[in-house]
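Everything below concerns the one structure shown next.
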Amino acid sequence: MRTWRAACDFNGNARVFVPPGVYTLGETVFAGPCKGTHPVILDITGTLKAVPDVSEYSNFAWISFDNNPSCVHLPATLHFDGIKNGKIMRLKFVNSMGFHLHITNSYLVRFLVRFHGLTIDAPDQSPNTDGIHISRSNNMKLSRSVIRTGDDCVSIGQGSNNVTINKVTSGPGHGISIGSIGKLPGELEVRGFIVKNCTLRGTTNGIRIKTYAGANPNRALGMFSDIVMENVKNPIIIDQSYGDKTTEPSQVKISDVIYQNIRATTISAIPVQLMCSSRLPCQNVRRTDINLKHVSNAPITSQRVNANAG
């Protein structure tokens, strides 16, 4: 860490080099802010192995980079703000630096896209390249689209009401997400979302609700219906400790969420994880006609914490 500190404090081009070899490493924080205007390059040619004792980790991360005010917010390829009665059709996006399509502060927007009309392509190892991110928008419909990306295929953020996602094919990517919700003060609830008739292949997550730990008061409710997933790691997940750097429970209330007619093959032994807030447990989470199988026919189970689910 002395090398990192010296590089961080150097006002010029700096590189931290890890030579070939195998190194056992415990919890490590590369802390900023750094003094230089140039990025510090971390060049790892060796192999880093984590200390296996989980009690050695206090911040829910093995290696983290904190407090870097020089981080650049990646630009969205196409950004809509405050549109009304819009139709967005037959567009193709390739390798966006950030979100491919971002819609905010809009209502009565309908996506009338033929099956291959809206196509999004990005590598599966490209973080923060959400296919479509919707926030603070009402009465929206996204349909007949193909999304392959390195982050959420579709994410429905705070303040979005009556958003319908229909006949979307996704993968690779992080699946279809409600959230994240509750990161910042003043965020609005998410109500009336419908995700239906969608297919996900090879995604890390399938259908997910994610809220921040210690989040500000908020709410999420809606429905996932008629979903097919193939070779998905986490088909059904509620994560109320997303981005967890605090022990405070989330204050986002998840209620009246329906999962129905879900078919999935998974590579996980725990394909259903309902990890809800201890302060505001999930209420009225209903599951009907769920059929999940391991790709190798291994046993599977579910995990439920603070969830009133049937």
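The values are calculated or read from the model by the stated rules, or taken from the named source; none is laboratory data. Keep in mind that this is a model prediction, so the values were computed, not measured. Please note: Cβ atoms are built from the backbone with ideal geometry, for glycine as well, and neighbour counts cover all protein chains shown.
Just need a number here: residues in segment 39-86 that are modelled with pLDDT under 80 and more than 30 Å from R5 (Cα to Cα).
Of the residues in segment 39-86, 4 are modelled with pLDDT under 80 and more than 30 Å from R5 (Cα to Cα).
Being surrounded by fewer than 20 Cβ atoms within 10 Å (Cβ to Cβ), closer than 22 Å to G157 by Cβ and small (G, A, S) is the filter here; which residues of segment 249-269 pass it?
Residue satisfying the conditions is S255 alone.
Limited to segment 184-242, what total is found for residues that are outside any strand (DSSP E or B) and β-branched (V, I, T)?
2
So A122 passes all but one of these: (1) out of contact with any Ser or Thr (no Cβ under 6 Å at 6 or more places or on another chain); (2) farther than 28 Å from N216 by Cα; (3) modelled with pLDDT of 90 or more. Which condition number does it fail?
Among (1) out of contact with any Ser or Thr (no Cβ under 6 Å at 6 or more places or on another chain); (2) farther than 28 Å from N216 by Cα; (3) modelled with pLDDT of 90 or more, A122 violates only (1).
In segment 1-16, which residues are within 22 Å of V51 (Cβ to Cβ) and exposed (fewer than 15 other Cβ atoms within 10 Å of the Cβ)?
M1, R2, T3, R5
Only one of T203, T265, T288, T211 is touching a residue at least 12 places away in the same chain (Cβ under 8 Å) and in contact with a Pro (Cβ under 8 Å, 6 or more places away or on another chain). Can you tell me which?
Exactly one residue qualifies, and that residue is T203.
Do you know which residues across segment 140-181 are within 11 Å of the chain's Cα centre (by Cα), crowded, with 23+ Cβ neighbours inside 10 Å and assigned to a strand (DSSP E or B)?
Within segment 140-181, V154, S155, I156, I176, S177, I178, G179, I181 meet the criteria.
Working only within segment 237-261, note down all residues that are among the β-branched types (V, I, T) and without any contact (Cβ under 8 Å) to a residue 40 or more places away in the chain.
Once the filter is applied, which keeps residues that are among the β-branched types (V, I, T) and without any contact (Cβ under 8 Å) to a residue 40 or more places away in the chain, segment 237-261 yields I237, T246, T247, I258.
Identify all residues within segment 182-206 that are under 25 Å from L292 (Cα atoms) and either over 15 Å from the mean Cα position of the chain (by Cα) or not β-branched (V, I, T) (or both); write none if there are none.
Correct list: F193, I194, V195, K196, N197, C198, T199, L200, R201, G202, N205, G206.
Those residues that are under 11 Å from the mean Cα position of the chain (by Cα), of a type in the set (D, E, K, R) and part of a strand (DSSP E or B), I need them from segment 128-139; list them, please.
The answer is none; no residue qualifies.
Quick one: in segment 207-241, which of the residues that are farther than 14 Å from I290 by Cβ and acidic (D, E) is modelled with the highest pLDDT?
In this case the residue turns out to be E230.
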